[in-house]
Amino acid sequence: MTQRRPMILIATNAIDPHADAVIEYLEELGTSWIRFNTEDFPELVQMSVEVGEHMSAVQLTVGGRDISAKDVGAVWYRRPELPVLPDLNSGLRDFALEEIQACRRGLWEALRSEVLWVNHPHDIRRAANKMWQLEAARQIGFNVPDTLITNVNKRVMDFYEYHSGNIIGKPLSRSYLEVSDSTGVERLAIFTNKIERRHLEVLDGLRYGPVIFQNQVPKKYEVRATVVGEEVFACRIESQESERTRGDWRRYDLANTPHKAHELDPVVASKCVEITRKAGLLFSAIDLIVTPDEETVFLEVNPNGQWLWIEQLTGLPIARALARLLAG
């Protein structure tokens, strides 16, 4: 009797070109997969979990196809989204969304010990914590910027003076702000910004929203290191060639910001894999600065970062590596 090959469950959303790219290689490898666009639950996807004295079972029905947890060999937790619910009053909508999220969290936990995860949401949440990752990086031996995370005005002013005004500020968690008006909701990006003395005069709101402050590290260029299993795919980003991207390359000016495949120093590459493992992850996207003195400085690790634009600009085979990792 032929043994059924384990299936790969891809938890994402309907508009995810990263998933599309990896699925192409899963098809090439002949690997069985199912795409769970999470916004389809509960209207188009059904879920059942049974627990009893002598048994437990988890089943998903996606696109009319029944999937048992025992058929799943790996889960790629990519970019889940919440559903858009039908017209409900706000109280019922909030209740329903919380129940939906609780059910999904239960599914992830039910699968946690049974399959390969890239990456489990519990590990993603921990690794995304800036305080955790900076301390982990320091312990591993990365150079890290002097960092202050605070909601105390005086501490910021003292930090500013200590570094002779050469400091930056950035958000602790979310990189965007949602602003609502009569026309709808607008999402505004929050970038890394140089802190000027005039900013110190308007710090009253800091008490309600702690901020990360760091000494400003001089840049020769930046590196985005994508870790897939034991492999590290490094991209050199010439952020200093564009006025727009000098402070933060996420202000994208791709026409004037060359991206090149880059060979990392083996010691730095090893540390990238080590911090990924320390976080319990098999995939991460790590941001590094290389200074004019050729010193490499750790900025942050994104446990579920984007990478497709790097593959498209450099030819680095990240999608293929992810497919191979998931396929075992």
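The values are calculated or read from the model by the stated rules, or taken from the named source; none is laboratory data. Predicted, not measured: the structure shown is a model, and the values here were computed from it. Please note: Cβ atoms are built from the backbone with ideal geometry, for glycine as well, and neighbour counts cover all protein chains shown. Heavy atoms of the whole protein, side chains included, go into the accessibility calculation; ligands, DNA and RNA do not. Shrake-Rupley method; radii C 1.70, N 1.55, O 1.52, S 1.80 Å.
Can you pull the percent of the range 10-123's accessible area that's carbon plus sulfur, 1.4 Å probe, other chains left in place?
About 51 percent, which is the carbon plus sulfur part of the accessible surface.
When the inverse distances between all different Cα atoms of the chain are averaged and flipped, the Kirkwood radius reads 22.1 angstrom.
Using a Cα-Cα cut-off of under 30 Å, which lysines could be cross-linked to residue 130, ignoring same-chain neighbours fewer than 8 residues away? Qualifying lysines at Cα under 30 Å: 154, 170, 194, 219, 220, 260, 271, 278.
Let me know the shape class of the range 258-328, please: from the alpha-carbon gyration tensor, a ≥ b ≥ c as square roots of the eigenvalues, rounded when a/c is under 1.5, otherwise prolate if a/b is greater than b/c, or oblate.
Oblate, since a/c reaches 1.5 and b/c is not below a/b.
For residue 46, the residues whose modelled amide H falls within less than 5 Å of its own, excluding neighbours fewer than 5 places apart on the same chain, are 61. The mean sequence distance of close C-alpha pairs (under 8 Å, at least 6 residues apart), as a share of the length of the chain, puts its relative contact order at 18 percent.
Angle of helix 17-29 to the longest C-alpha principal axis of the chain, folded into 0 to 90 degrees and rounded to 10: 50°. What is the sum of charges around residue 100, taking Lys and Arg as +1, Asp and Glu as -1, for the other residues whose C-beta is under 12 Å from the C-beta of residue 100? Residues close to residue 100 contribute a combined charge of -4. Less than 5 angstrom separates the built amide H of residue 305 from those of 285, all sequence-distant by 5 or more or on a different chain. Out of the total accessible area of the range 282-328 (probe 1.4 Å, heavy atoms of protein only), what percent is carbon and sulfur? Exposed carbon and sulfur together represent 45 percent of the surface. Normalised per residue, the accessible area of the chain is 54 Å², obtained with a 1.4 Å probe and no contribution from ligands, DNA or RNA. With the cut-off at under 12 Å, measuring from each backbone N in the range 196-211 to a point 7 Å along the Cα-to-Cβ line of residue 157 picks out 200-204.
The relative contact order of the range 52-156, computed from alpha carbon pairs under 8 Å that lie at least 6 residues apart in sequence, is 24 percent. Length available on full extension from residue 193 to residue 291: 0.36 nm per residue minus the Cα-Cα distance, which gives 33.5 nm.
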